[in-house]
1. Which numbered condition in (1) modelled with pLDDT of 95 or more; (2) surrounded by 15 or more Cβ atoms within 10 Å (Cβ to Cβ) is the only one that PHE62 fails?
2. Anything in segment 101-128 that is touching a Cys at 6+ places or on another chain (Cβ under 7 Å) and closer than 21 Å to ALA63 by Cβ? List them, or say none.
3. Is it fair to say ALA31 is farther than 17 Å from ASN171 by Cα and touching a helix residue (DSSP H, G or I) at 6+ places or on another chain (Cβ under 7 Å)?
4. Please enumerate the residues belonging to segment 40-93 that are hydrophobic (A, V, I, L, M, F, W, C) and closer than 15 Å to LEU5 by Cβ.
5. What helices (runs of 4 or more DSSP H) lie completely within segment 99-189 and have 3 or more residues being open to solvent by 90 Å² or more (accessible area, probe 1.4 Å) and of a type in the set (A, V, I, L, M, F, W, C)?
Amino acid sequence: ARILLNLGLMNEHKSSIPSKGDEAIKNYEKAIKICKSNDVFDLHHRSLMALGYFYALKVNDFAPAMQTYNNALEVAKRTESRNEKMCETLLAKGNLLIKNGDFQSAKQALKKAFKIKTSVASDMEAIQKKFQIVSALCKYEDELVTTDSLDYVKRKELFEKLGDATCKVKNYEKAIDFYKKSLEAAVLN
């Protein structure tokens with residue numbers, strides 16, 4: 001299973017060639033199947049995370065990435081380093097939700113991770129920082145909903161804050177949308 005995982009990782013790095021991307025997925029899935037049938041939970045989790053990252057970052061396919069992370073979360077509960085693996089998975093899931101613009105769901109995932117508390121300092125720091133930013137994003141979105149559609153000054157300010165916050169979590173595509181809306185509100189004002 002470990003060799004198949006390593007082959008999958010190598011195929012992923014060569015995934016600019018379409019057939020290599022397919023090979024990466026096949027190798028990950030074979031590794032997952034072996035781990036699942038033999039109750040090798042740590043490697044099973046690692047294989048699921050690799051597949052989830054592949055779907056999220058290389059293929060840019062939200063649904064299978066989210067499903068894979070959900071499966072990884074279930075497996076993480078059965079590992080020896082339960083808290084660390086669950087936090088890692090919830091952070092990855094939160095990042096995917098942020099990338100997809102679903103800030104409310106990202107906030108929930110990051111809040112769960114924050115409550116679990118991992119001993120991996122870098123993960124805990126990332127979780128805390130992203131949770132604070134996503135909480136602000138949710139607050140700005142809520143304010144935007146309650147702001148009068150003709151209050152262009154307030155709407156411009158909120159869209160600008162949303163743009164700034166989405167930049168901090170590296171969702172530049174969404175930030176561009178918010179900045180364009182901020183500009184529209186400024187023009188209308």
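The values are calculated or read from the model by the stated rules, or taken from the named source; none is laboratory data. This is a predicted model, so every value here is computed, not measured. No Cβ is skipped: glycine too gets one built from the backbone with ideal geometry, and neighbour counts run over all protein chains shown. We work out accessible area using only protein heavy atoms, side chains counted, and drop any ligands, DNA or RNA first. Shrake-Rupley method; radii C 1.70, N 1.55, O 1.52, S 1.80 Å.
1. Against the list (1) modelled with pLDDT of 95 or more; (2) surrounded by 15 or more Cβ atoms within 10 Å (Cβ to Cβ), PHE62 comes up short only on (1).
2. Selection gives PHE103, GLN104, LYS107.
3. It is true that ALA31 is farther than 17 Å from ASN171 by Cα and touching a helix residue (DSSP H, G or I) at 6+ places or on another chain (Cβ under 7 Å).
4. Those that are hydrophobic (A, V, I, L, M, F, W, C) and closer than 15 Å to LEU5 by Cβ: VAL40, PHE41, LEU43, LEU48, MET49, ALA50, LEU51, PHE54, ALA72, VAL75.
5. Correct list: 172-188.
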